[in-house]
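Let me begin by presenting the structure, written as structure tokens, before commenting on it.
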Amino acid sequence: MKPLLVLLLVLAGLAALFFAFRSGSKDQGTGVAVPTNTAAEPVKSPSGAKIETPAQAEEANRTVTSAPEVNGQPVDAAPADRATLLVGSVLDDQARPVANATVKISENAFMGEELASEFFMGIDKPKGKAISTTTDAAGQYRFKNLEPRRNYYILATHPDFSPTQESNVGVREEGESRAPDAILRQGSVLTGTVVDDSGNSVPGAELHLDSAYVLTGDPKSPDRMSTKADNTGHFEFKNVAGGPRNLTVSAPGYGTMIVSNVLFKGSSDDVQDKEVRLSPGFPLGGRVLVQGTNQPLKGAKVVAMTFNATSSSRGEAISGEDGSFLVENLQQGSYMLQVELDCYSQLRMNRVQVGDMNIPVEMRPRTAVSGRVVDGAGNPVRAFTVSPKRAGDGADAASFLENLGLDESFESADGSFTVCNFDKGTYVVAIEAPGYATALSEKFTVVENQATINLTIRVNQGGTIRGKLVDPTGNPIKGAVVGSFDAGLDDINDPLFGNLISSGATRRKVRTDRDGNFELKMLAPTDYQLEITHPSYTRTLVPSLRVIEGQVVNAGSITMKGGGKVSGKVFDQAGQPVVRGMVHLAITDGTIVTFDARTDGEGRYFIDHVPAGNYQISASRNNAGAADPFQAIAEQQASTKQFNVIEGQEVTMDLTLGH
């Protein structure tokens, strides 16, 4: 079986594993986990908060600040008296503090299998920018005023060590939270020589190590490592993190070579030596034209790719004024060409031979959609975002919408817009404008070779949902996040499909005030559910609220429950505690209710605010970079137990891993 196919199968298994493990939190450094999903009713996984870049780092105490948002949306009525602080330490493997280490925090993964799971779930755009700081002389760092979340990622790097990532890092609603210690170790070493077909050294060759988990058209991964060969062709990579990587080697006049799936243990005893032999490079070229004409197209991206059992080659170019392109430094062989240009359909050409300099590339124009956005009185709306969405077969324009990731923002005095990336199919256009509810166009169908479609889309201020949150004793709950979404989209928060599906409902989030009150304004008229989250309570859903334009819906008094608690220890087969292991808890009624925790230095874990119900729990080691990527799955299966959670009670479940 070819290595690429093996890798795809491995990634599929890893994706299934990490869909489960990508959420959860750690509290006060003891393995305490706040639930990923908490609910009094069957629930789906909520999406998380966006992190903004801090305005300034306070270098005196290594503290950085974040402006809170939720799910990329500003949260109304954020408590002014809330202050969060996340503190942590970076140590070496001898428990000595590491000064001047760079520490980053984000809700997106930085490296490894978690990065692959995000790729499989369609998260190709970061939800927020990473915040960065450095450790002090005691190896400590602090982040303040972070949005409370249950599943941040922490990345620690230092030139003398391999990078390390911690997942499931939680920030409490108020006060100080403790991140797990980030342990830096010396990583793997890759050395070698770059030579030509005659065995002569190739000085100055460029080499890159990229994660093999990220299977995209761009070979560059977020955790890329780079170096250059010296005058003798010798190269060296130090402190490589564990896991499979692709080695890309290029030099002027030689064919670029990509060596696939070089596996690293991520430890100092893993020293590998590799000779890379480069053959003379070959070009291919041609012209990019509008289909059926001789009109040249400037700016088209042309990518040439080929694959074999152990290596591949790749090159790219941008077409010039006359449409011509030249891709150089390719290995001998047959290539697939992929050509992309905005407003034209993507084109793929197979079995293109290197050396062919007269390749005709004809691109078909996509259909353009033009229109105007106006208010209820017919006045133009000057600033708005246009979101094309593929529509389903239902009569309702919002019955099923597929996000296409083609959003464009416009500022127009007359409210006009033009978007041009439509292939044949059925669509709607969603409009988001400040001060208005989400608006949808009527459904429209694009047919082959259609030139332009014209739309007029009216926006209005929609309706409002009000309510109050209380605890079981009737006291108000402040600081809870209340979000609106379409009542008909049951899987809107599914970790795999939630990023692909939308509707005509307005997704908005607000925070309850000190009296527990909330108000969601400017909601498009349709049927809604409310999703309510708070770190001290179970996640709650309020179904079936119909919003009518110009009216206020009173959701009444909503009670949030505290749930139960699950705790225990995780042991290996020798009876030793598993440190920083992963614990996964899932309800067994078929709904998506999951919780995750990491064990502490004594193998303990805690999961709070679990809704009553029947659950299955399992555990595994932290197997990042393991030679056997299915080991965690086997450990989960061997450690699985089932039990019942009762409101207000604690269950103790110790787990033992298999081989």
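Residue-wise test of (1) of a type in the set (D, E, K, R); (2) farther than 25 Å from THR533 by Cβ; (3) open to solvent by less than 80 Å² (accessible area, probe 1.4 Å).
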| position | (1), (2), (3) |
| --- | --- |
| GLY435 | no, yes, yes |
| PHE444 | no, yes, yes |
| GLU448 | yes, yes, no |
| ALA451 | no, yes, yes |
| THR456 | no, yes, no |
| LYS468 | yes, no, yes |
| ILE477 | no, no, yes |
| VAL482 | no, no, yes |
### Message
Just to be sure before I move on: is LEU469 within 29 Å of ARG149 (Cα to Cα), of a type in the set (A, V, I, L, M) and under 27 Å from the mean Cα position of the chain (by Cα) in the structure I sent?
### Response
no
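Can you name the residue in region 592-606 that is outside any strand (DSSP E or B) and touching a strand residue (DSSP E or B) at 6+ places or on another chain (Cβ under 6 Å) and is also most open to solvent (accessible area, probe 1.4 Å) among such residues?
GLU602
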### Message
Of the residues SER177, SER167, SER162, only one is touching a Leu at 6+ places or on another chain (Cβ under 6 Å) and among the hydroxyl-bearing types (Ser, Thr, Tyr); which?
### Response
SER177
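What's the total number of residues in region 359-378 that are outside any strand (DSSP E or B) and crowded, with 16+ Cβ neighbours inside 10 Å?
Counting residues in region 359-378 that are outside any strand (DSSP E or B) and crowded, with 16+ Cβ neighbours inside 10 Å gives 2.
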### In region 205-243, residue modelled with the lowest pLDDT [restricted to those that are open to solvent by less than 40 Å² (accessible area, probe 1.4 Å), over 20 Å from the mean Cα position of the chain (by Cα) and not aliphatic (A, V, I, L, M)]
GLY242
### Query
Only one of these conditions is not met by LEU247: (1) within 25 Å of the chain's Cα centre (by Cα); (2) without any contact (Cβ under 8 Å) to a residue 40 or more places away in the chain. Which number is it?
(2)
### Exclusive hit being over 21 Å from VAL195 (Cβ atoms) and open to solvent by 60 Å² or more (accessible area, probe 1.4 Å), set GLU275, GLU321
GLU321
### Message
What's the total number of residues in region 541-566 that are out of contact with any Gly (no Cβ under 9 Å at 6 or more places or on another chain) and open to solvent by less than 10 Å² (accessible area, probe 1.4 Å)?
### Response
2
### Query
From the list GLY204, GLY199, which one is in contact with a Pro (Cβ under 9 Å, 6 or more places away or on another chain), part of a loop (DSSP other than H, G, I, E, B) and on the phi > 0 side of the Ramachandran plot?
GLY204
### Query
What residue, among those in region 279-314 that are charged (D, E, K, R) and either in contact with a Lys or Arg (Cβ under 8 Å, 6 or more places away or on another chain) or in contact (Cβ under 8 Å) with a residue 40 or more places away in the chain (or both), is farthest from MET257 (Cα to Cα)?
ARG287
### Message
Against the definition (β-branched (Val, Ile, Thr) and surrounded by fewer than 18 Cβ atoms within 10 Å (Cβ to Cβ)), how does THR134 come out, yes or no?
### Response
yes
### Task
Could you please find all residues in region 572-591 being among the β-branched types (Val, Ile, Thr) and crowded, with 16+ Cβ neighbours inside 10 Å?
VAL578, VAL579, VAL583, ILE587, THR591
### Task
Would you check if there is a residue in region 568-576 being charged (D, E, K, R), in contact (Cβ under 8 Å) with a residue 40 or more places away in the chain and more than 22 Å from ARG621 (Cα to Cα)?
no
### Task
Name every residue in region 256-282 that is among the aromatic types (Phe, Trp, Tyr) and touching a Pro at 6+ places or on another chain (Cβ under 9 Å), in order of residue number.
PHE264
### Message
part of a loop (DSSP other than H, G, I, E, B), open to solvent by less than 70 Å² (accessible area, probe 1.4 Å) and within 30 Å of THR418 (Cα to Cα): which single residue out of GLY299, GLY266 fits that description?
### Response
GLY299
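The values are calculated or read from the model by the stated rules, or taken from the named source; none is laboratory data. Note that the coordinates shown come from a computational prediction; the quantities given were computed from them, not determined experimentally. Reconstructed Cβ throughout: ideal geometry from the backbone, glycine too, with neighbour counts over all protein chains shown. Side chains are part of the model used for accessible areas, which takes the heavy atoms of the whole protein and leaves out ligands, DNA and RNA. Shrake-Rupley method; radii C 1.70, N 1.55, O 1.52, S 1.80 Å.
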